[in-house]
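Written out below as C-alpha cells is the structure these notes cover.
The values are calculated or read from the model by the stated rules, or taken from the named source; none is laboratory data. It should be emphasised that the depicted structure is a prediction, and the values quoted were computed from it without experimental measurement. All Cβ positions, glycine included, derive from the backbone under ideal geometry; neighbour counts span all protein chains shown. When the accessible area is computed, the model is the full protein with side chains, heavy atoms only, and any ligands, DNA or RNA have been set aside. Shrake-Rupley method; radii C 1.70, N 1.55, O 1.52, S 1.80 Å.
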Amino acid sequence: MAQETEPDLAGRLTFQSDKGANRSKWLAILLAILLVGWMGSGYILPSEPEEELAEQTETRAVTVAVMPSVAQDVQLVLTAEGQSVPDRATQIAAKATGQIEAVLVSRGDLVVAGQELGRVDAETIDAQLLQAQTQLDQATRDLDNALALQQRGVATEDRVTQARASKAAAEAAVTAAQEQRDNTVIRAPFAGRLNEFTLDEGEFVENGDVVAEVLDNDPLTVVIQVPQVALSRLKADQMAEVQFITGETRTGKVGFIGSNADQQTRTFRVEVQVDNPESVMPAGLSARVAIPTGEARGHFISPAILSLGVNGDLGIKTVTEGNVVAFQEVSIVRAQTDGVWVTGLPEEADIITVGQGFVNAGDVVDPRPATEAQSAQVSQ
C-alpha cells in the first residue's frame, strides 16, 4: 500500500487574490471616518438647547423677609457710666496742742462754714495772751511819756524810737497769742457733712493731728469718661439725666469738660453737677448719665438684623431696585432696651429682617413681607 502524503498547501493562502479579501480593510476605514465625524460634529448625540440648559442651571432666588422703614427724628443722647464724688473734701487738723476741752458735734452731722466742732483747753494760752496785753499797755504808756518829754525838750529821739520798737514788739506778741487762742477752736472750713470725726473730751492732741474730714456733697459731682469722637457734642451747662444705682433719678448739668485726654484710655473727664440739698445722696455711688446732644434722622431697628461687611464695618442689608441686595453702613446713635436707632440709611429703605445671613451684596432675592417669607422658606 502506497503511503499517503499530506497535500502541499504552501502558496495557496493568498488573500490578495481571493474574493472578498479587502472587505475588512474598507470596513475599518469606514468606521474610523464615522467616529471622527461624530466627535467633531456633535450631531450623533446633539446637546440640549442653550435655553433649556440655562433654565436647568439657573439658581432659584432666595426668599427674604423685608420691612419697609421710614426715617424719623430721633433725639441724640450721649450715655456713659460714672461715679459720684464730693464737690469738695478736706481733712481738718488741730492747730493747737493740748487737751480737748469740749466736743460740740458728732460724726455724720451736717455743719456750716465756720461752725465750731470742738475746743482745746486754752488756759495756758489765755495766760500768755493776758501777759502780752499787759506788756502792750506798758509799752504804750512808755511811748506816750517819751513823746511828751521830747516835746518839752527833755527826751531824745533815740528814746522815742526805742519806745516805739517796744510797743511794736508788744503788739506782735498780742497778735501771736490771740492767734494761738483762736486756734484752740476747731472749726469747719466749709459747709458739708462730717465723714470722719475722732475728737473725744479729755483726749490730748498735738498741732497737726487730723481730727475730722468734711465732705461737701451739694452739689454732688458725677464723673464720666467721654470718648474723643463725642467730645465735640458737649458744652458747659448742658442738661443731663443722672440715674443712680439706688434707683433715684436726678437732673443735672455739665459743669466741667476736660482739656487733656487720659493717656491710657484716650477719653476726657467730664463732670456733671447734681443738686443735692442736705447732702442726702452720698458720694461714691455708681450712676448712668444721659446727655441730650441734638437731633438726627434715623431708623429704629432690632440689633439682631445688624451685620458686618467684608471690611468689618457695621451695617444693614437692604433690597434696592431690581430686588438686588445692598449693604448699607450705619452708625448707632441711640440704644434702648427694645432696639437701636441708626443713621446712614436713605430716607426710605426696605430692610431685610429675615434671611440676611444667606445673601450678599449684589444678589438678586425674592423679597416678601415677614409672614409670607417665612412660609416660602419652609416650602423651599
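For the range 110-138, name all the residues that are under 60 Å from the mean Cα position of the chain (by Cα) and without any contact (Cβ under 8 Å) to a residue 40 or more places away in the chain. The answer is Glu123, Thr124. When we screen Ala139, Ala96 for residues that are open to solvent by less than 80 Å² (accessible area, probe 1.4 Å) and assigned to a helix (DSSP H, G or I), the only hit is Ala139. Picking from residues in the range 161-192 that are aliphatic (A, V, I, L, M) and in a loop (DSSP other than H, G, I, E, B), the one that is surrounded by the most Cβ atoms within 10 Å (Cβ to Cβ) is Ala188.
Regarding Ala283, is this residue part of a loop (DSSP other than H, G, I, E, B) and either without any contact (Cβ under 8 Å) to a residue 60 or more places away in the chain or surrounded by 12 or more Cβ atoms within 10 Å (Cβ to Cβ) (or both)? Taking the combined requirement at face value, the residue satisfies it. Step by step: first the residues of the range 355-380, then only those that are among the aliphatic types (A, V, I, L, M) and more than 15 Å from Asn323 (Cα to Cα), then the one that is modelled with the lowest pLDDT. Which residue is that? Only one residue tops the list, namely Val378. Among the residues making up the range 311-338, those that are within 17 Å of Ile352 (Cα to Cα), of a type outside the set (Phe, Trp, Tyr) and surrounded by 15 or more Cβ atoms within 10 Å (Cβ to Cβ) are Gly315, Ile316, Lys317, Thr318, Val319, Asn323, Val325, Ala326, Gln328, Val330. On inspection, Glu81 qualifies as under 30 Å from Arg233 (Cβ atoms) and of a type in the set (Asp, Glu). Only residues that are part of a loop (DSSP other than H, G, I, E, B), touching a residue at least 60 places away in the same chain (Cβ under 8 Å) and on the phi < 0 side of the Ramachandran plot were counted across the range 194-210, and they come to 7. Of all residues in the range 322-341, which are within 10 Å of Pro303 (Cα to Cα) and touching a residue at least 12 places away in the same chain (Cβ under 8 Å)? Residues satisfying the conditions are Ile332, Ala335, Gly339, Val340, Trp341.
Among the residues here, Gly344 does not qualify as of a type in the set (Gly, Ala, Ser), surrounded by fewer than 13 Cβ atoms within 10 Å (Cβ to Cβ) and at pLDDT 85 or above.
Restricting attention to the range 211-259, the residues that are assigned to a strand (DSSP E or B) and either among the hydrophobic types (A, V, I, L, M, F, W, C) or within 15 Å of the chain's Cα centre (by Cα) (or both) total 18.
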